[in-house]
Each structure stands twice: as structure tokens, then as C-alpha cells.
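In what follows, a single structure is set out as C-alpha cells and then discussed.
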Amino acid sequence: MRNWLLPEYIEDVLPAEALRMEQLRRRLLDLFHVYGYQYVIPPMLEYMESLITGAGHDLDLATFKVVDQLTGRLMGVRADMTPQAARIDAHLLNHQGVTRLCYAGSVLRTKPDGLAQTREPLQLGAELFGHAGVESDIEVQSLMIVALKTIGISQIHIDLSHVGIFESLVQAGNINSSLEQALHAALQGKDQSAVTKLASDLEYTTREALIALTKLNGDSAILETAKKVLPNTPAIQAALVSLVQVSQALEALNVTVSFDLSELRGYHYHSGMVFAAYAKGYKGPLALGGRYDEVGEAFGRARPATGFSLDLRGVVTALSPASLPKVILAPAIIDVALQSKITELRNSGQVVVQALPNTQCSMDELNCDRQLVLKSGAWQVEAITN
């Protein structure tokens, strides 16, 4: 048995990549901080009913489950930190006004997903609670764009949708839950023939609107088409107006925006606008988010909420290969002046490694390109020549 093997889709992060991920994590948390988002650290384990409440069946399937040896109750290892942030807002902080929270930490999932195809993403996110207007949607999505640019991602593309449109059609057509789920799956698969067949017995307006959703994807012109072909109900028209407002605000940030009104990711969890960020060089979404106004109700207080999260491990996969900083090598001697010079260099951000007695130093392994040498009674940094 090879004891060093890890489970499938569970990986070590080696020094160069780990350093880059940690540096980016700090930069993003500093970014969230200056936007007013307060950092929270939820626990890795919670009781299952708390972890998946309001989050839907998909999160239940993604969660590793264990039995608490102290209570005998079923616990889960978090697969998503968003419900935890909602619990903190609703139950622990209990603020009456707007609350902004952010988080960063590993989550564990039963199956690999995301850009890195890992079961242990490094999730960073920001959530805004207590405001139901389009202004908070714009704030959160703008912060997501700035965060991606901070990482080094350029040519960002945002895809927008609104689950309230489909929800309004379901209510108007008195569609039962089994047909609703089937239509949801067909729309997610962009399967127009399946939608047509499933909706065949529905009232004409609802049927034609559901079929139209499969074709309503593209640039801003799609929204004008949607206004004409979808029912003129207050909920649907309000959703379309909010999509226009958000897209105009985001385009001012030098990103491209498109729409896919059949995108229903997180349906039954999200309650309004949903969005995803893409960029050249990546096969899937860099970040995901949306509005989820009802989740906090399970924790005793329903609050309007919107937010986004990204997997930092996945996002960095398409960046140029990481490298460690070059190191200054100090000799293995005890000398007050030498230690003073080493401290001075380290305080300025330089990496200094002091050799240990009776060991051989490999310059390649230590990544050294300079060394400290004593010249004219003073310690000086000199380049290492081959």
C-alpha cells in the first residue's frame, strides 16, 4: 500500500502555487475590506439542517456527511459558505440595516467541479444582506469584476439571467412541481424540442413564452425581443428592466455583457438575478452569484440578499506558471552585524535564508541568486556567479 497517495481529486498545493494563492487571497480580502465587507470565518462542520437549509437538493448531494460522536446528530463538511454567511447575518449579527460580509476558506465537495476539477475548492466570496434593489445587485457584480481584475484576469464577460421570469411563468400557468422540474431541466439543457413537448398541454401564452426562453440568449437586443414575446406581467417586466439597468452599469467597467434567459442555475435557491463571469482562456465560469432573498427565513429572519463567490484555486489555473521569489543566502556563522543585516533585509521584504552548519547548500533548491558577503568590514549583498 502506498501511504502517500491522496484520494481522487484531492491535491496538495506546492510552494510556488501556494504562495501565489495566499498572496491573492490577502489582496482580495483587503479589497473586500475597503468596500466595507466584514470578514467572517464560519466553521468547517455544522449540523446538516443548518448547512443546506434553503440551499436545495444539489448542495445536499455535494456535502460530505459525518455523525457527531458527541450528540449522535448528522453533521456535514461545508460544501458552500454562502448559507453559512446567511446564517451569521440572520441569527448572530441580527443587524437591522445593510450588512456586508466576506469569507475565504476551503470547502469540500463529494464530486469534483469547477475550473480546477477538485473536490476541495478555495472559496472566496462577498454577500450583501438587507437591500432588495437593483443597486445592491450592481454593487456586488461590480465588486466581482474588480476582484477578477485584481487577480489578473482581463477581457471579462458577464452572463446575466433572472430566475423570476421562469418562476412567474410557472405561477401563471399553474404548473405542478413535477412538470416544473422537467421544464427546468429542459431549459437548462437548451432543449427546445423537449420544452415544446412538455408544455404542449399548457395555456397558449405560457407555452409560447416557455418555448421563447430557449431562444432568448445573446446581446442587449434580446431584452427588447423578450419584452415583445413574454407576457406583459409586472414581475416579468420588472425583471427585464433590472437586467437592463445592471448591464448598463457593468458595461461602464469595460466588460462585455450577454443574456441567457433560460439559465436557471440555483433555481429554488436563487430568487432573482443570477450571473456568471467568464474570460478568455477559461473553459468555465470564473465566478458565480445571484440574488437569494428567502434563504435567511430558515434561520428566523428572511432578508434580501445577493452575493458572489469564486474558487481561487480554479481561477489561478489559467494564469502563467507560478514561481517562488529569489532568495539571499547568508553564511552559517554567528555574527551580530550579520544578524542585523539579515533583519534589515527581511524587514524590507527580502527573503533571506541562513545556511546551517555542516550542510551542503544547493543554490537551485534554495532558489538563491544572491549572497551576503563581508567586504571592508560590512555585510553586502552580491550576485551569485556560476
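Being of a type in the set (A, V, I, L, M, F, W, C), touching a helix residue (DSSP H, G or I) at 6+ places or on another chain (Cβ under 8 Å) and more than 30 Å from Ser154 (Cβ to Cβ) narrows it down to one of Val373, Val353, so name that one.
So the residue among Val373, Val353 that is of a type in the set (A, V, I, L, M, F, W, C), touching a helix residue (DSSP H, G or I) at 6+ places or on another chain (Cβ under 8 Å) and more than 30 Å from Ser154 (Cβ to Cβ) is Val353.
Among the listed residues Tyr39, Tyr35, identify the single one that is surrounded by 14 or more Cβ atoms within 10 Å (Cβ to Cβ) and either within 30 Å of Ala185 (Cβ to Cβ) or of a type outside the set (Val, Ile, Thr) (or both).
Numbers: Tyr39 fails: surrounded by 14 or more Cβ atoms within 10 Å (Cβ to Cβ).
Step by step, each of Tyr39, Tyr35 is checked, and only Tyr35 is surrounded by 14 or more Cβ atoms within 10 Å (Cβ to Cβ) and either within 30 Å of Ala185 (Cβ to Cβ) or of a type outside the set (Val, Ile, Thr) (or both).
In region 116-137, is there at least one residue being in contact (Cβ under 8 Å) with a residue 12 or more places away in the chain, closer than 30 Å to Lys65 by Cα and in a helix (DSSP H, G or I)? Explain how you work it out, then say what you get.
Step one: filter region 116-137 for residues in contact (Cβ under 8 Å) with a residue 12 or more places away in the chain, giving 116-132, 134, 136-137.
From the residues that got through so far, the ones that are closer than 30 Å to Lys65 by Cα too are 116-129.
From the residues that got through so far, the ones that are in a helix (DSSP H, G or I) too are none.
Within region 116-137 (the criterion being in contact (Cβ under 8 Å) with a residue 12 or more places away in the chain, closer than 30 Å to Lys65 by Cα and in a helix (DSSP H, G or I)), the answer is no, since none of the residues qualifies.
When you go through (1) within 23 Å of Val244 (Cβ to Cβ); (2) of a type outside the set (A, V, I, L, M, F, W, C); (3) in a helix (DSSP H, G or I) one by one for Lys215, which number turns out not to apply?
Condition not satisfied by Lys215: (3).
Among (1) surrounded by fewer than 23 Cβ atoms within 10 Å (Cβ to Cβ); (2) in contact with a helix residue (DSSP H, G or I) (Cβ under 8 Å, 6 or more places away or on another chain); (3) within 21 Å of Tyr269 (Cβ to Cβ); (4) of a type outside the set (D, E, K, R), there is one condition Ile145 misses while meeting the rest; what is its number?
Ile145 satisfies all of (1) surrounded by fewer than 23 Cβ atoms within 10 Å (Cβ to Cβ); (2) in contact with a helix residue (DSSP H, G or I) (Cβ under 8 Å, 6 or more places away or on another chain); (3) within 21 Å of Tyr269 (Cβ to Cβ); (4) of a type outside the set (D, E, K, R) except (3).
Here's the yes/no breakdown for (1) within 21 Å of Phe129 (Cα to Cα); (2) assigned by TED's automatic domain parsing to the domain that holds Arg207; (3) at pLDDT 95 or above; (4) in a helix (DSSP H, G or I):
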position: Ile222; (1), (2), (3), (4): no, yes, no, yes
position: Lys227; (1), (2), (3), (4): no, yes, no, yes
position: Pro231; (1), (2), (3), (4): no, yes, no, no
position: Gln237; (1), (2), (3), (4): no, yes, no, yes
position: Ser242; (1), (2), (3), (4): yes, yes, yes, yes
position: Asn254; (1), (2), (3), (4): no, yes, no, no
position: Arg301; (1), (2), (3), (4): yes, no, no, no
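What residue, of Ile328, Ile334, is touching a residue at least 12 places away in the same chain (Cβ under 8 Å) and either more than 15 Å from the chain's Cα centre (by Cα) or on the phi > 0 side of the Ramachandran plot (or both)?
The match here is Ile328.
Please enumerate the residues belonging to region 357-386 that are loosely packed, with under 10 Cβ neighbours inside 10 Å and at positive phi.
Across region 357-386, the qualifying residues are Asn358, Ser376, Gly377.
Of all residues in region 88-110, which are among the small types (Gly, Ala, Ser), within 23 Å of the chain's Cα centre (by Cα) and at pLDDT 90 or above?
Ala104, Gly105, Ser106
Is it the case that Leu169 is of a type in the set (A, V, I, L, M, F, W, C) and not assigned by TED's automatic domain parsing to the domain that holds Arg291?
Spelling it out, Leu169 is indeed of a type in the set (A, V, I, L, M, F, W, C) and not assigned by TED's automatic domain parsing to the domain that holds Arg291.
I'm told Arg291 meets every condition in (1) of a type in the set (D, E, K, R); (2) farther than 21 Å from Gln123 by Cα; (3) touching a strand residue (DSSP E or B) at 6+ places or on another chain (Cβ under 8 Å) except one. Can you identify the failing condition by its number?
Condition not satisfied by Arg291: (2).
Check Gly218 against each of (1) on the phi < 0 side of the Ramachandran plot; (2) out of contact with any Pro (no Cβ under 7 Å at 6 or more places or on another chain) and name the one condition it does not meet.
It is condition (1) that Gly218 fails.
The values are calculated or read from the model by the stated rules, or taken from the named source; none is laboratory data. Source: prediction; values computed, not measured. Every residue, glycine as well, gets a Cβ built from its backbone with ideal geometry; the counts of neighbours run over all protein chains shown.
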